[in-house]
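Below: the structure, in structure tokens.
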């Protein structure tokens with residue numbers, strides 16, 4: 001696993017000063033010491049970027065401006081919902097003799113799966129998995145070769161093996177799968193058409209209707 005060295009300043013004030021720090025390109029954060037007091041720190045945004053703008057996990061050699069150093073990992077980071085810039089981070093101190101629980105990124109290797117070449121759709125379901133191990137065994141990522149993954153095939157957590165690392169996820173959980181393509185059904189066409197009964201022809205009666213008889217006769221004069 002690779003190690004990054006980052007210099008941080010110890011914050012003398014906490015709370016409302018965070019916005020002023022961000023305005024000058026510095027991100028506030030907390031170092032959670034392993035059996036030691038927590039330390040409020042600040043790191044330049046550009047120096048912090050390699051920790052979150054990657055799919056790999058790094059051990060951080062944190063050098064503080066008081067001359068001391070701490071071994072840690074990035075535990076969490078918060079981003080502004082509008083600018084997408086980091087606004088706060090948490091660093092977790094490491095003890096070389098005690099296991100640590102972390103979320104490891106899952107990286108798919110092997111290029112385009114065979115099932116996708118046949119028309120299937122790749123579904124990457126778990127992008128991170130929870131693991132536990134000693135700091136010296138922390139891998140940069142969990143790699144899964146999907147080159148031979150066919151249609152209707154999947155890889156579950158229980159099929160993963162990482163040396164010296166304990167996986168803490170449900171073994172039945174699906175990590176990645178190739179599903180068949182979605183095919184829209186054509187509208188069904190009736191094989192037989194209902195034959196409409198022919199309308200009865202209108203019968204035109206000869207002559208006049210009873211109520212019309214006498215309509216043309218002049219009215220009889222009333223006898224006196």
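Read the figures in this text as sums done on the coordinates, not as results from a lab. For clarity, every value in this text was computed on a predicted model and none was experimentally measured. Here Cβ is always computed from backbone atoms with ideal geometry, including for glycine, and neighbour counts include all displayed protein chains.
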Evaluate the relative contact order of region 97-184 (contact order divided by residue number), counting alpha-carbon pairs under 8 angstrom at least 6 apart; express in whole percent. 38 percent
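Rounded to the nearest angstrom and ordered from largest down, what semi-axes does the equivalent ellipsoid of region 1-94 get from its C-alpha gyration tensor (root of 5λ)? Numbers along the way, then the final one.
On the way: eigenvalues 74, 57, 25 Å².
In descending order, the three semi-axes are 19, 17, 11 Å.
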Working note, region 55-120: Cα radius of gyration (Å, one decimal) and Dmax (Å, whole number) are 18.2, 59
49, 172 arranged by Cβ crowding within 10 Å, fewest neighbours leading: 172, 49
Run the simple label-point estimate for residue 65 and residue 152 please: 7 Å along Cα→C-beta, distance reported in nm. 6.4 nm
Using r as the Cβ-Cβ distance of residue 77 and residue 141, and R0 as 22 Å, what FRET efficiency do you calculate, to the nearest 0.05? 0.80
Region 2-88 - share of DSSP beta bridges that are antiparallel (%, nearest 5): 70 percent
Cα-based Rg of region 61-177 normalised by 2.2 N^0.38 Å, two decimals: 1.33
